[in-house]
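What follows is a single structure, written as structure tokens, with notes after it.
The values are calculated or read from the model by the stated rules, or taken from the named source; none is laboratory data. None of the values given here were measured: they were computed from a predicted structure. Every residue, glycine among them, receives a Cβ derived from its backbone with ideal geometry; neighbour counts consider all protein chains shown. For the accessible areas, the whole protein counts, side chains as well, though only heavy atoms, and no ligand, DNA or RNA atoms are used. Shrake-Rupley method; radii C 1.70, N 1.55, O 1.52, S 1.80 Å.
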Amino acid sequence: MTQLKGGTLVKYTHDARAALAHYLQMDDADFAHVHVCISTGNRKLGKCLNVSLLPVVTCPDCKGCARACYAIRSALRFPAVLDGYARNTAIMMREPSRYWAEIHDAIRKHPSFKAFRFHVAGDVLTEDYARHMFATAEAFPHITFWTYTKNARVLTMHGRPRNLSIMQSTGFGVPFDARLRSQFHCVRAGQEA
């Protein structure tokens, strides 16, 4: 995988933080009109709802993989992608209950979709976030959910629903924890679907 040049990563980090700050600093009345960006798929994913957060900004342990991050390339190439990632991250940070409610609403509005991916970009930040992922999967047992994460330890603290697959992403300095083998599928960074 081609590595990002240092200046490109610096530009992304600057642009991502500026976009996030824009939404975090909005007054409440304006922010009420900002909504979670849920994608309905792409060539690689096919017909699959997905939600993303800002890569690097929300990714724990990303020092090794940031230079190879495919999501950063998309965010720099397509300004609307960066804006969507920033909107989602800001809503998740300012109004987490609205973030999850809008994800649930999107799933209900697309009954023909049978798959949902958390985090084409970004990662699971906290135990509370993981609890909401699990609750979302439990609320929609007919949907197949999945995510890749470098933060698999957060997810081991909860009983994973059967319809939620979690793949621990490793590589670029993030080792696979063999104690998690029974709960997680391991892929090397750069192999994510």
Item to check | ³J(HN,Hα) computed for each position of the stretch 92-107 - Karplus, 6.51 cos²θ - 1.76 cosθ + 1.60, integer Hz, glycine/proline x | outcome: 4, 7, 7, 9, x, 5, 5, 4, 6, 4, 5, 5, 4, 4, 5, 5
Item to check | Residue-by-residue Karplus 3J(HN,Hα) for the stretch 122-135, coefficients 6.51, -1.76, 1.60, Hz, glycine and proline x | outcome: x, 7, 6, 8, 9, 5, 4, 4, 4, 4, 5, 4, 4, 5
Next on the checklist: Starting from the 7 Å offset along Cα-to-Cβ, what nm value, one decimal, do you get for the label separation of N163 and A135?
Outcome noted: 1.7
Checklist entry - Efficiency by 1/(1 + (r/R0)^6): what FRET value for R77 and A18, r their Cβ-Cβ distance, R0 = 22 Å, to the nearest 0.05? => result 0.80
Checklist entry - Once amide H atoms are placed 1.01 Å from N in the peptide plane, what residues at a sequence separation of 5 or more from C48, or on another chain, have their amide H within under 5 Å of its amide H? => result G41, N42
Checklist outcome for this item: Ordering E102, E95 by the accessible surface of their heavy atoms, 1.4 Å probe, largest first, yields E95, E102
Item to check | Residues whose placed amide H lies under 5 Å from that of V56, excluding near-sequence neighbours | outcome: G122
Checklist entry - How far is it, in nm, from the label point at T126 to the one at M93 when both lie 7 Å from their Cα along the line to the Cβ? => result 1.2
Checklist outcome for this item: Taking a ≥ b ≥ c as the square roots of the eigenvalues of the Cα gyration tensor, with a/c under 1.5 meaning rounded and otherwise prolate when a/b exceeds b/c and oblate if not, the stretch 113-152 is oblate
Checklist outcome for this item: Once amide hydrogens are built 1.01 Å from N within the peptide plane, the residues lying 5 or more places from Y148 or on another chain with amide H under 5 Å from its amide H are M167
Item to check | ³J(HN,Hα) computed for each position of the stretch 73-89 - Karplus, 6.51 cos²θ - 1.76 cosθ + 1.60, integer Hz, glycine/proline x | outcome: 4, 5, 5, 6, 6, 10, x, 5, 5, 4, 4, x, 4, 5, 4, 4, 5
